Amino acid sequence: TVLFSIVKASGATITWIYSTLILQTVCRPDMLGRVMAVDFGFATMCEAFSAMAAGVLQDDFGMTVWNVYYLIHITGIAITSFWIIYFYLRWRLLLELKEDTNLSHK
């Protein structure tokens with residue numbers, strides 16, 4: 001499980017770096033500091049919330065550490081799967097719209 005935690009943390013770090021780079025390229029320079037502050041603040045808030053939720057699940061619902069671990073990972077897999085399906089369908093729709101636009105110009 002330590003190996004999988006390292007792999008998961010590596011993936012999360014890579015995703016966070018890419019999202020930070022995208023924010024830096026998309027934001028106007030005068031807004032960049034504010035946007036990055038919101039990004040870091042939101043990340044910190046989510047970290048605190050997940051620690052609190054894990055404590056509540058263990059204390060109030062009697063879950064073991066392993067049950068909380070599995071629940072968090074299943075939730076992460078579900079959210080990731082949702083986004084993969086969403087972006088795949090959106091990508092397909094954009095391709096169809098692009099093809100329709102190209103056909104209408106001929």
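The values are calculated or read from the model by the stated rules, or taken from the named source; none is laboratory data. Computed from a prediction, not measured in an experiment: that's the story for all the values here. Here the Cβ is made from the backbone with ideal geometry for all residues, glycine too, and neighbour counts use every protein chain on show. What goes into the accessible areas is simple: the full protein's heavy atoms, side chains included, and nothing from ligands, DNA or RNA. Shrake-Rupley method; radii C 1.70, N 1.55, O 1.52, S 1.80 Å.
For a quick size check, give me the Cα extents of the range 61-101 along its three principal axes, largest first, whole Å.
57, 13, 5
Please calculate how many Å² of accessible area the chain carries per residue, with a 1.4 Å probe and no DNA, RNA or ligand atoms counted.
On the way: 9060 Å² over 106 residues.
Value returned for the chain: 85 Å² of accessible area per residue.
Leaving out ligands, DNA and RNA, what percent of the accessible area of the range 1-83 is carbon and sulfur, probe 1.4 Å?
Working: 5000 of 6610 Å².
Solvent-exposed carbon and sulfur of the range 1-83 make up 76 percent of the total.
Please give the charge dipole size of the chain, origin at the Cα centre, charges +1 on K and R Cβ atoms and -1 on D and E Cβ atoms. Round to the nearest 20 debye. Numbers along the way, then the final one.
On the way: 7 positive and 8 negative charges, 80 e Å.
Its charge dipole is roughly 380 debye.
I'd like to know which of T20, M31, L95 lies farthest towards the positive end of the charge dipole of the chain, counting +1 on Cβ of Lys and Arg and -1 on Cβ of Asp and Glu.
L95
Can you compute the modelled spin-label distance between T101 and D30, with each label point 7 Å from Cα toward Cβ, in nm?
Spacing of the two 7 Å Cα→Cβ label points: 3.0 nm.
Packing-wise, with mean Cβ within 10 Å as the measure, how do 21-27, 68-74 rank, highest first? Intermediate results must be reported in sequence, preceding the final value.
Numbers: 21-27: 11.1, 68-74: 14.0.
Listed from highest to lowest mean packing, they are 68-74, 21-27.
On the Cα set of the range 1-62, report Rg and Dmax in Å, please.
Over the range 1-62's Cα set, Rg and Dmax evaluate to 15.7, 49 Å.
So if R0 is 22 Å, what FRET efficiency would I79 and V7 give, r being the distance between their Cβ atoms, rounded to the nearest 0.05?
Numbers: r = 17 Å, r/R0 = 0.78.
The calculated FRET efficiency here is 0.80.
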